[in-house]
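The structure is given below, and queries will be raised subsequently.
The values are calculated or read from the model by the stated rules, or taken from the named source; none is laboratory data. Just so it is clear, the structure is predicted and the values come from calculations on it, not from any experiment. FYI the Cβ positions are ideal-geometry reconstructions off the backbone, even for glycines, and counts take in every protein chain you see. These area figures cover heavy atoms from the full protein model, side chains too; ligands, DNA and RNA do not enter into them. Shrake-Rupley method; radii C 1.70, N 1.55, O 1.52, S 1.80 Å.
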Amino acid sequence: MLRSLVGSEMCIRDRFGKPDWRPGMNATGHAESPAQHRFPVWWTGDGVDLQASMESMVDSGVHDLKPYVHSDCGGDSRPKEGGDLLRWTAHCVFGTILRFHGSDHRPWTYGQHVQDVIKSYLDTRYKLVPSLIAAGHAAALSGHPLVARCDLFWPEHPEAATNQQYIWLNDTLIAPIFDSSTNTTSRKVWIPPGDWQDGWDGSVVTGPVWLTASQPYERIPLWHRRNSSLVVTTSNPGLRVQDQDWSELTLEVFPANSTTPVTTHKYMVEQTASQELTQFSLTSSATAATLLITPEHDTPRSFLVRVHLRPEHTVEEATLDGTQLPNPIPHLKALESTDYRFPFEGAGTAPAAGSVAEIRVPTGAGQPRELSILMA
């Protein structure tokens with residue numbers, strides 16, 4: 001048990017983060033004591049609904065430097081409709097801790113469609129394990145949360161302080177819908193400065209701007225940052241981290257659309273106890289991109305680089321370590337049907353808009369690689 005002073009009231013707190021969180025509660029109620037970090041994972045209590053789960057997860061990273069705050073995924077009671085469970089699942093997958101708990105949340109009891117969509121979300125979570133491990137490593141070093149309120153990036157914008165949306169793993173804007181009274185529902189979302197690509201239909205919006213997002217049960221509103229962002233995934237997710245095949249990893253690259261190059265630095269951490277790093281440096285503009293891959297170990301690994309292009313762009317030329325790659329570079333064109341694909345589906349999947357150029361960086365053991373591309 002931990003004691004902390006909140007306002008003028010002395011409260012008893014434990015690793016369950018009591019009191020049970022409710023929508024609209026004062027965010028400073030998350031503040032506790034320095035001893036709280038004896039417990040790395042915090043639970044928000046019983047009877048917490050989806051809105052309160054989102055608010056507590058987002059605000060805890062700001063007011064108390066807690067990187068792992070979560071609610072029982074699915075809620076403390078059985079959701080009445082499959083759509084309720086879909087909204088919960090999407091939020092939990094793009095959150096900190098994912099744990100179905102509290103009641104009967106078995107997907108197959110809601111029918112085949114609900115089960116299939118939840119499986120797609122869970123597959124996405126497993127594919128993103130390399131990025132999740134790296135984010136956890138960064139949180140341990142700096143306290144930077146996996147779920148970051150937007151004012152941690154854009155403090156000059158008052159709108160960024162909302163706890164109704166968040167930046168996930170530094171590159172993806174997530175805005176959960178917590179109204180599941182009907183299938184397709186809407187909500188207001190603040191789009192931060194820069195270009196952001198809708199994860200479902202591929203449209204690009206430039207912020208800062210408010211917009212209304214409408215999505216059915218199956219889709220959580222999300223946008224990829226198009227500012228030299230890079231997301232590391234695995235195409236062979238498995239069901240256990242230690243069982244995942246990382247002999248080839250996928251790098252989802254979203255080049256900047258600026259005349260001045262923008263550089264982003266990232267790294268990944270091996271899933272073994274060694275915690276060896278691989279550094280990534282991506283510099284891009286509207287017409288060119290350079291990706292440096294620098295491993296700090298001798299583990300053999302290849303990479304599939306997926307460059308997400310705007311509708312009018314193609315990769316005209318690519319060089320690897322100074323050697324030009326054969327043309328034409330393979331491109332996957334946007335879907336022509338009204339079907340949608342889940343974000344981060346990986347190798348061989350077509351985008352919702354524009355095209356994706358896929359370039360393989362062959363297996364190397366400890367050697368730095370430099371991939372340069374020209375776009376037109």
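Can you tell me which residue in region 291-310 is surrounded by the fewest Cβ atoms within 10 Å (Cβ to Cβ), limited to those that are hydroxyl-bearing (Ser, Thr, Tyr) and under 22 Å from ALA347 (Cβ atoms)?
SER302
Step by step: first the residues of region 108-129, then only those that are over 23 Å from THR250 (Cα atoms) and of a type in the set (A, V, I, L, M, F, W, C), then the one that is least open to solvent (accessible area, probe 1.4 Å). Which residue is that?
VAL114
Then there's this: Pick out the one residue from TRP154, TRP88 that is open to solvent by less than 40 Å² (accessible area, probe 1.4 Å), of a type in the set (Phe, Trp, Tyr), in contact with a strand residue (DSSP E or B) (Cβ under 8 Å, 6 or more places away or on another chain) and assigned to a loop (DSSP other than H, G, I, E, B).
The match here is TRP154.
For region 201-222, give me each residue that is more than 18 Å from ALA256 (Cα to Cα), in a loop (DSSP other than H, G, I, E, B), of a type outside the set (D, E, K, R) and open to solvent by 10 Å² or more (accessible area, probe 1.4 Å).
If the condition is that a residue be more than 18 Å from ALA256 (Cα to Cα), in a loop (DSSP other than H, G, I, E, B), of a type outside the set (D, E, K, R) and open to solvent by 10 Å² or more (accessible area, probe 1.4 Å), then PRO216, TYR217 are the ones that fit.
Somewhere in region 358-368, is a residue open to solvent by less than 50 Å² (accessible area, probe 1.4 Å), more than 30 Å from PHE94 (Cβ to Cβ) and in a strand (DSSP E or B)?
Among the residues of region 358-368, at least one is open to solvent by less than 50 Å² (accessible area, probe 1.4 Å), more than 30 Å from PHE94 (Cβ to Cβ) and in a strand (DSSP E or B), which makes the answer yes.
If you don't mind, there's one more thing I want to ask. Determine, yes or no, whether ASN170 is open to solvent by 50 Å² or more (accessible area, probe 1.4 Å), closer than 30 Å to VAL41 by Cβ and part of a loop (DSSP other than H, G, I, E, B).
Against the criterion (open to solvent by 50 Å² or more (accessible area, probe 1.4 Å), closer than 30 Å to VAL41 by Cβ and part of a loop (DSSP other than H, G, I, E, B)), ASN170 qualifies.
Within the bounds of region 50-66, is there any residue that is touching a residue at least 24 places away in the same chain (Cβ under 8 Å) and in contact with a Leu (Cβ under 6 Å, 6 or more places away or on another chain)?
Looking for residues that are touching a residue at least 24 places away in the same chain (Cβ under 8 Å) and in contact with a Leu (Cβ under 6 Å, 6 or more places away or on another chain), one finds none in region 50-66, hence no.
Taking the options THR314, THR283, THR294, name whichever one is more than 21 Å from GLN197 (Cβ to Cβ) and among the polar types (S, T, N, Q).
Selected residue: THR294, the only one of THR314, THR283, THR294 that is more than 21 Å from GLN197 (Cβ to Cβ) and among the polar types (S, T, N, Q).
Which condition from (1) in contact with a Cys (Cβ under 8 Å, 6 or more places away or on another chain); (2) open to solvent by 20 Å² or more (accessible area, probe 1.4 Å) is the one that ARG149 breaks?
(1)
Listed residues GLY95, GLY61, GLY102, GLY83; which is open to solvent by less than 10 Å² (accessible area, probe 1.4 Å) and part of a loop (DSSP other than H, G, I, E, B)?
GLY95
Within region 196-217, restricting attention to residues that are farther than 19 Å from CYS150 by Cβ and of a type outside the set (Asp, Glu), which residue is nearest to the chain's Cα centre (by Cα)?
That would be TRP200.
Any idea which of (1) aliphatic (A, V, I, L, M); (2) farther than 18 Å from VAL232 by Cβ; (3) part of a helix (DSSP H, G or I) is the one LEU141 doesn't satisfy?
(2)
Would you confirm whether or not region 226-244 contains a residue that is open to solvent by 40 Å² or more (accessible area, probe 1.4 Å) and part of a strand (DSSP E or B)?
No, every residue in region 226-244 fails to be open to solvent by 40 Å² or more (accessible area, probe 1.4 Å) and part of a strand (DSSP E or B).
Now for a separate question. Output yes when any residue across region 268-285 is open to solvent by 10 Å² or more (accessible area, probe 1.4 Å), part of a strand (DSSP E or B) and touching an Asp or Glu at 6+ places or on another chain (Cβ under 9 Å), and no when none is.
The answer is yes; a qualifying residue exists.
Could you identify the single residue in ALA288, ALA318, ALA353 that is among the hydrophobic types (A, V, I, L, M, F, W, C) and at pLDDT below 90?
After applying the criteria, what remains is ALA353.
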